[in-house]
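Some notes on the structure that comes next.
The values are calculated or read from the model by the stated rules, or taken from the named source; none is laboratory data. As the structure is a computational prediction, the values presented were derived from the model and not from experiment. Cβ sites come from the backbone with ideal geometry, for glycine too, and all protein chains shown count toward neighbours. Side chains included, ligands, DNA and RNA excluded: accessible areas come from the protein's heavy atoms. Shrake-Rupley method; radii C 1.70, N 1.55, O 1.52, S 1.80 Å.
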Amino acid sequence: PFFYFLPSAILAAIIIVAVAGLFDFEEIKHLWRTDHIDLAMFGITFMATLLIGIEQGIAVGVAVSLIAVIYQSSQPHSAELGQIDGSKVFRDTARYKQAQRFDDILIFRFDAQIYFANSSHFRNRVEQLLNQRDEPVKLLVLDFHAVTNIDSTGRHMLKELICGLRDNNIKTAVAGAIGPVRDCLEIDSIPEHGKTGRFYFDAEDAVNDYFSRLSPHKNMGVPPPG
């Protein structure tokens, strides 16, 4: 009743002034520069709250956040690695133009755990990189430094993938796997791992071993790509 005789424009001004303090415009600018996904979730939550209601808007925001998390975990970052100028360093060939690939070796790094939501993505990425090669690949090195866990679906996928590659004369090696991941692979008796010892400290060790088997009497150092 205290505001009954106030014009609507004044009531609107009061609401605008009260709500304006809730906006962090600097954070919006920061998200625009750094994270478009978070900015999109912010915008969707804001519009839902404005049009539907506070509780419903928050529920929409939570739902959108869950969808974003599931999508990001099902499409994690991965990279093909190359050697930096004949050194022992291997980096993403898409980010480092000086990183050179080996003609008959594909080094693939997966930057997340492998589980049911992203196992198909893992296999598709490996097959895509293999198909992009002009020369036939003879060794696939899986860099598992960033892999913290592999569930049963992921292990089943790896077993099928490695068996299929073996049928096409492509060997597989695992580099940088932490203890729990190695245990998973050994327990599941994945071909070319488990009892056969195809685990390596890093990609360099896997590449060195490959070339030493080709030329056992030559230098064990990694030869220059190409």
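Listed values, structure above:
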quantity: Failed item, numbered, when Glu55 is tested on (1) surrounded by fewer than 12 Cβ atoms within 10 Å (Cβ to Cβ); (2) closer than 30 Å to Arg133 by Cα; (3) at pLDDT 90 or above; calculated: (2)
quantity: Elements of type helices (runs of 4 or more DSSP H) in the stretch 114-226, at least 1 residues being open to solvent by 60 Å² or more (accessible area, probe 1.4 Å) and modelled with pLDDT under 85; calculated: 179-187, 203-214
quantity: Selection count where residues are surrounded by 13 or more Cβ atoms within 10 Å (Cβ to Cβ) and of a type outside the set (D, E, K, R), scope the stretch 58-88; calculated: 19
quantity: Gln72 vs. criteria assigned to a helix (DSSP H, G or I) and within 27 Å of Phe122 (Cα to Cα); calculated: yes
quantity: Residue in the stretch 33-44 that is outside any helix (DSSP H, G or I), more than 27 Å from Asn208 (Cβ to Cβ), out of contact with any Ser or Thr (no Cβ under 6 Å at 6 or more places or on another chain) and at pLDDT below 90 present; calculated: yes
quantity: Whichever residue in the stretch 17-41 is surrounded by 11 or more Cβ atoms within 10 Å (Cβ to Cβ) and charged (D, E, K, R) and, among such residues, is nearest to Ile58 (Cα to Cα); calculated: Asp38
quantity: Failed item, numbered, when Val60 is tested on (1) under 19 Å from Ile170 (Cβ atoms); (2) in contact with a helix residue (DSSP H, G or I) (Cβ under 9 Å, 6 or more places away or on another chain); (3) in a helix (DSSP H, G or I); calculated: (1)
quantity: Given (1) at pLDDT 90 or above; (2) touching a Gly at 6+ places or on another chain (Cβ under 9 Å); (3) not small (Gly, Ala, Ser), number of the condition Leu50 does not satisfy; calculated: (1)
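So that you can scan it fast, the table gives a plain yes or no per residue for (1) touching a helix residue (DSSP H, G or I) at 6+ places or on another chain (Cβ under 6 Å); (2) of a type outside the set (S, T, N, Q):
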{"site": "Ile107", "(1), (2)": "yes, yes"}
{"site": "Asp111", "(1), (2)": "no, yes"}
{"site": "Phe116", "(1), (2)": "yes, yes"}
{"site": "Gln128", "(1), (2)": "no, no"}
{"site": "Asp134", "(1), (2)": "no, yes"}
{"site": "Leu139", "(1), (2)": "yes, yes"}
{"site": "Asp143", "(1), (2)": "yes, yes"}
